1. Summarise the long-distance tail of P(r) for the stretch 461-558 by giving the % of C-alpha pairs beyond 20 Å.
2. Run the dipole for the stretch 384-482 about the Cα centre, Lys and Arg Cβ at +1, Asp and Glu Cβ at -1, nothing else charged, and hand back the magnitude in debye, nearest 20.
3. Want the number for Arg537 to Glu27: 0.36 nm per residue separation, take away the alpha-carbon distance, what's left?
4. Given 10 °C and 1.306 mPa s, how large is the Stokes-Einstein diffusion coefficient of the stretch 543-627 in µm²/s, with Rh as the Kirkwood radius over Cα pairs?
5. Over all Cα pairs of the stretch 227-272, how is the pair count split among 10 Å bins, expressed in % and running from 0 up to the last occupied bin?
6. In a solvent-free Debye calculation with one equal scatterer on each Cα, what is log10 I(q)/I(0) for the chain at q = 0.07 Å⁻¹, listed in the order of the q values?
7. With no solvent and one equal point scatterer per Cα, compute the Debye intensity ratio I(q)/I(0) for the stretch 270-427 at 0.13, 0.14, 0.19 Å⁻¹ and report its log10, rounded to two decimals.
8. As an exercise, take the mean of 1/r over every pair of distinct alpha carbons in the stretch 394-530, invert it, and state the Kirkwood radius in angstroms.
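The values are calculated or read from the model by the stated rules, or taken from the named source; none is laboratory data. Everything quoted here is computed from the prediction, not taken from an experiment. Please note: Cβ atoms are built from the backbone with ideal geometry, for glycine as well, and neighbour counts cover all protein chains shown. Calculation scope for accessible area: heavy atoms of the full protein, side chains included, ligands and nucleic acids excluded. Shrake-Rupley method; radii C 1.70, N 1.55, O 1.52, S 1.80 Å.
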Amino acid sequence: MGWVLWALETSWAVAAAWALSAALLRERSTLERWMAALLFGTASVLTCVQALGLVGQLGRLQLALVGFALHGGMLGWSVRRVGLAELCSRLVSDVTAPVRLWRDILARQELAAWALLPAACALIVSGSIAWHFPNWAWDVVWYHTPKTSYAVQTGRITWVDTSVWYVNGYPELTELLSVWHVLLPHHSRLEDLAQLPFGLLGALTVAAFCRRASASPALSASLGAMWLALPAVALQLHTTHADVVAGALFITAFYFLTERDWSPTARTLTLLALGLYAGTKVTGLFHLALVSPLLLVRGVLVLRAAKGARGRVLGQTGLALLLLLWMGAPTYVENSVRTGNPFWPARMKVLGHELEGPIGADEIAGPPAFFGAPGAFARMVSSWTAPEGMYWPDVRERAFGWLFPYLLLPALLWVSATAVFSRERLSRLALPLLAGLSVLVPAAWWGRFTLGLPAAGLVAFAVLHRQVGTRYLQVLLSALAAFLCVASYAKASVGYQVLPTMGRRADPSLRDEDRVRMRMGWLWTPEAARLRERELRPGDVVAYDSATSFLGEYWTWDLRNRVEYVNHEGNDGVYLDQLRALSPRWVSVRKHSPAERLLLARARAFERLFDCPLSSAVMYRVTGSDW
């Protein structure tokens with residue numbers, strides 16, 4: 001029943017988001033309508049989860065009812081605005097767009113379209129991994145998954161008592177979208193699907209940028225697919241790392257921000273995308289500050305041109321700003337109220353003001369932004385051309401494969417250098433601006449943090465493709481781009497570490513999940529995971545202390561148990577009283593700590609189960625009540 005509920009609610013949300021997009025972007029391209037639909041769908045799902053979570057009512061029934069009502073209202077307003085007949089006509093046109101695209105590819109014999117194959121593989125493989133395997137990515141099991149699990153457990157979106165700093169205070173749009181995929185089916189199997197739609201959003205936006213640069217539909221779609229097939233994108237789609245979400249939202253915001261006329265729709269979508277981006281990662285707030293002068297200048301120019309309609313412009317802008325604040329501000333507001341530091345937990349200096357926190361900013365993101373550390377720029381460049389890429393457990397060196405350093409970067413440099421001599425200088429100068437903003441982040445050498453950079457390179461390639469003029473050279477460029485894209489994806493496929501564990505096996509009793517757990521040293525062993533699923537009942541408490549690292553493993557697949565933080569702070573009696581108040585089923589403590597000595601002294605009530613991998617934590621079962 002849970003899977004049916006999820007499928008119906010998600011389909012209803014997709015239909016409502018598309019209908020709203022079709023009603024508001026009637027005269028725009030199919031690409032832009034689907035881009036807007038993805039933004040509207042994200043915003044509506046986030047609104048449902050966030051609104052319920054902020055008032056402590058985030059339950060399955062409540063989420064289903066609020067989602068049905070909100071999306072029903074969106075759909076009803078759209079039908080009333082343009083009529084059912086026009087919506088149906090527009091739907092037929094948008095749904096059959098792939099058929100028109102295929103015809104254009106065949107008619108132009110566009111060799112770059114081979115990039116559609118690795119892009120499709122990236123989506124299919126990522127969906128399969130998300131369905132078949134538990135969360136296994138390092139950061140995801142460490143603190144991304146616990147964000148979602150705590151929201152489901154508590155029914156709230158707020159700080160929780162924990163020793164894992166990153167669970168509190170980090171923007172959490174991706175994790176809140178995962179709540180939708182977990183709470184409705186009441187199972188965490190679909191938790192890692194949150195980033196997949198944003199892979200499509202990024203690809204659509206790159207394609208739309210290329211169409212703006214007068215590239216053909218076939219070439220534009222091919223270049224959009226190349227962004228999706230980049231190692232830094234493709235290998236992260238099946239996780240909740242949030243970098244694909246952030247990268248896609250950034251380039252989407254930049255696309256609408258650089259529209260020539262900056263229509264009311266474009267203004268709204270710009271601010272909506274920026275708000276969602278700020279709610280995804282702290283770099284979203286940083287980039288919002290960097291583009292705010294451009295936002296202000298464009299806003300003033302629009303207001304001056306409006307003349308008699310300035311009141312309407314101000315009203316539309318005010319509504320868009322409210323959307324930005326609703327999507328992006330809650331985390332930073334709560335951080336400020338609780339700690340005085342909106343960027344919690346990083347200790348840093350901003351505009352001469354010292355912000356307090358438990359850890360230094362360099363412990364989170366490494367070197368400061370603007371290449372403030374010695375050799376930071378050289379390290380970024382060298383990471384693009386490293387002899388071998390490090391493709392797991394994360395995408396670091398050669399994050400953009402061979403495509404970017406050997407083709408897209410030269411194209412970007414050429415187009416940037418010649419932009420001032422072009423009649424399209426403003427649109428072309430936007431490309432080095434996008435690239436520059438993308439790398440002005442901490443640890444810019446880490447490719448997954450700078451996904452706007454290859455996007456700018458792909459659009460520059462579209463410009464160069466048109467500039468060469470002759471069909472012969474265009475075919476050569478398309479063939480080279482396709483080859484580098486496919487070869488890069490093939491080389492990076494070693495990053496799909498779980499794929500060798502899928503399928504037929506010599507020991508039928510060994511499940512795919514068991515083989516993944518044996519491969520990933522930070523996950524619980526197969527025996528420990530089976531014991532967790534078999535033994536923990538609804539409402540059972542698993543207590544843990546500061547020795548815990550990979551907190552995501554402490555919940556069952558359907559999140560039926562509760563996980564609570566109890567740390568020994570030096571007083572044996574207080575610690576035991578806290579445990580007794582929770583009546584835990586399992587207790588995780590630091591090995592050889594005072595807490596473990598207390599449990600060992602009560603051997604009749606506590607039974608040692610297993611050591612937790614890559615940490616000093618050890619798990620005990622509570623076997624009696626006389627302690």
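1. Working: 2981 of 4753 pairs.
That fraction is 63 percent.
2. Working: 8 positive and 4 negative charges, 75 e Å.
Charge dipole of the stretch 384-482: 360 debye, to the nearest 20.
3. Numbers: separation 510, 0.36 × 510 = 183.60 nm, distance 5.47 nm.
Stretched out fully, the Arg537 to Glu27 stretch lengthens by 178.1 nm.
4. Working: Rh = 12.9 Å.
Reported coefficient: 123 µm²/s.
5. All Cα pairs considered, the percentages come to 27, 38, 26, 8.
6. Rounded to two decimals, the profile gives -0.46.
7. -0.97, -1.07, -1.26
8. Numbers: mean 1/r = 0.0557 Å⁻¹.
It works out to 17.9 Å.
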